[in-house]
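A.B. asks: This is the structure I have questions about; it appears just below.
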Amino acid sequence: MQENFSLQPFNTFGVDVNAKYFTEVETIDQLKDAIRYSKEHHLSVLFLGGGSNILLTRDFDGLAIKLSLKGISEEDINENEVLVTAKSGENWHEFVLHSLEKNYGGLENLSLIPGNVGTSPMQNIGAYGTEIKDIFVSCTVLDLENLELKTFNLKDCHFGYRDSVFKQEGKGKYVILDVTFRLTKKNHHIKTEYGAIKTELENMGITDPTIQDVSKAVIHIRQSKLPDPKEIGNAGSFFKNPTIPLTQFEDLKQKFENIPGYPNGDMVKVPAGWLIEQCGWKGKQIGNAASHKLQALVIVNATGKATGKEIFDFSTEIIDSVKEKFGIELEREVNII
Ligand code: EPU
């Protein structure tokens with residue numbers, strides 16, 4: 001247990017705040033001990049995974065627990081499919097690469113997403129036409145109330161766009177310990193419908209892509225427009241893409257004829273990056289916070305010295321101006337602590 005411990009290395013924004021207490025756990029028993037300690041001492045608890053989806057706006061007056069449970073195991077289920085289980089502290093992209101090395105398909109479109117396996121179900125991570133719900137089988141969690149293990153199957157997780165039971169009714173009640181995915185060993189479902197992938201594969205001169213090729217294409221696309229948190233602090237998309245009623249979209253289309261939208265029933269998903277860019281934020285910096293020059297949806301710690309509060313206030317200004325121009329209320333995707 002460490003006291004007054006800087007969380008700067010544990011959040012991809014690189015924000016420097018202190019936790020009153022900090023500990024790192026590698027086993028379930030260590031995790032249980034840490035939680036018991038927090039209960040005995042009436043400390044609030046902050047669980048840290050990869051730190052890639054949080055914004056720390058102030059010092060944390062409790063016990064921060066870094067989850068570092070490691071290990072990957074697998075179980076054959078039939079000729080074409082395998083169940084692969086990764087513990088929560090495994091780095092997501094390393095897990096994807098591990099699966100690709102074994103030629104297991106299903107994760108390739110989710111290459112290079114920052115963060116750890118254990119946080120992937122929290123917000124049903126997704127990119128380039130795939131979400132983890134497409135390959136998710138179950139996850140083991142620790143119930144924080146009674147310290148018992150519990151299994152959540154696909155239907156228990158209530159996955160939605162950047163959403164799950166763990167952000168709703170289960171919020172703050174469980175710690176995810178491991179996640180099991182159903183991957184293919186052959187007859188892979190190659191998904192290249194997402195526009196940018198096709199173009200990227202064409203540029204690579206590939207017509208009949210393997211899962212490894214799709215992964216490479218996704219990596220190229222991400223590297224070309226998303227900032228690397230190791231170089232410039234960020235937490236990926238800061239806001240969710242808003243979904244608005246078709247009627248509202250049609251009204252907006254009258255005024256802004258180029259507004260992009262992806263219809264889904266009587267709702268339309270509008271890219272937040274476009275809305276933010278139209279309000280003049282793309283590449284704009286205030287103090288130490290900025291909207292990324294290549295993808296307006298990503299807020300960056302431009303100087304490395306931004307405080308969480310500064311980044312939060314910057315995001316509020318973006319929300320206000322999008323609301324004023326388009327009448328759409330953006331919702332933050334990043335967890336604000
Ligand atoms: N756009 C702009 N200006 C911008 C950025 C985007 O006009 O600065 C518009 C363009 O019309 C573009 C459209 O937005 O065609 C979509 O952009 P992009 O393909 O970059 O995807 P996104 O909707 O902005 C989402 C996810 C990303 C994920 C990509 C690819 C959310 C909140 N974000 O972004 O996820 O990588 O799709 O699938 O759904 C993350 O969650 O951290 C993340 C990076």
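The values are calculated or read from the model by the stated rules, or taken from the named source; none is laboratory data. Nothing here was measured: the structure is a model prediction, and the numbers come from that model. Cβ atoms come from the backbone with ideal geometry, glycine included; neighbour counts cover every protein chain shown.
A.B. asks: If Asn116 satisfies all but one of (1) within 16 Å of the ligand (Cβ to nearest atom); (2) touching a strand residue (DSSP E or B) at 6+ places or on another chain (Cβ under 8 Å); (3) closer than 24 Å to Glu193 by Cβ, what's the number of the condition it fails?
C.D. replies: Answer for Asn116: the failing condition is (3).
A.B. asks: Report yes if Ile337 is closer than 23 Å to Tyr161 by Cβ, more than 15 Å from the ligand (Cβ to nearest atom) and touching a residue at least 24 places away in the same chain (Cβ under 8 Å), otherwise no. Quick ask: steps written out before the conclusion?
C.D. replies: Values: closer than 23 Å to Tyr161 by Cβ: yes; more than 15 Å from the ligand (Cβ to nearest atom): yes; touching a residue at least 24 places away in the same chain (Cβ under 8 Å): yes.
When the stated conditions are applied, Ile337 passes them.
A.B. asks: Quick one: would you say Pro245 is within 16 Å of the ligand (Cβ to nearest atom), over 29 Å from Asn187 (Cβ atoms) and not hydrophobic (A, V, I, L, M, F, W, C)? Talk me through it step by step, then tell me what you get.
C.D. replies: Details: within 16 Å of the ligand (Cβ to nearest atom): no; over 29 Å from Asn187 (Cβ atoms): yes; not hydrophobic (A, V, I, L, M, F, W, C): yes.
So Pro245 fails the test.
A.B. asks: Report, by residue number, each residue of region 158-172 that is more than 16 Å from the chain's Cα centre (by Cα) and either surrounded by 14 or more Cβ atoms within 10 Å (Cβ to Cβ) or part of a helix (DSSP H, G or I) (or both).
C.D. replies: His158, Gly170
A.B. asks: Could you grab the pairs with beta carbons closer than 9 Å, sequence gap of 6+ or different chains, first residue in region 266-289 and at positive phi and not assigned by TED's automatic domain parsing to the domain that holds Gly160, second one near the ligand (Cβ under 9 Å from one of its atoms) and in a strand (DSSP E or B)?
C.D. replies: Gly283/Ser291
A.B. asks: Here's something else I'd like to know. Which pairs turn up if I take residues in region 122-135 that are in the same structural domain as Glu200 (by TED's automatic domain parsing) and closer than 23 Å to Lys173 by Cα and look for partners that are of a type in the set (Phe, Trp, Tyr) and more than 12 Å from the ligand (Cβ to nearest atom) with beta carbon separation below 7 Å, at least 6 apart in sequence or on another chain?
C.D. replies: Met122/Phe166; Asn124/Phe159; Lys133/Phe159
A.B. asks: Restricting to region 290-322, name every residue that is in contact (Cβ under 8 Å) with a residue 60 or more places away in the chain, within 15 Å of the ligand (Cβ to nearest atom) and in a loop (DSSP other than H, G, I, E, B).
C.D. replies: Once the filter is applied, which keeps residues that are in contact (Cβ under 8 Å) with a residue 60 or more places away in the chain, within 15 Å of the ligand (Cβ to nearest atom) and in a loop (DSSP other than H, G, I, E, B), region 290-322 yields His292, Leu294, Gln295, Leu297.
A.B. asks: Before we move on, is Glu329 loosely packed, with under 14 Cβ neighbours inside 10 Å and under 24 Å from the mean Cα position of the chain (by Cα)?
C.D. replies: yes
Yes/no per residue for (1) under 22 Å from Ile299 (Cβ atoms); (2) buried (at least 21 other Cβ atoms within 10 Å of the Cβ):
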site: Thr207; (1), (2): no, no
site: Asp213; (1), (2): no, no
site: Ala217; (1), (2): no, yes
site: His220; (1), (2): no, no
site: Pro229; (1), (2): yes, yes
site: Asn234; (1), (2): yes, yes
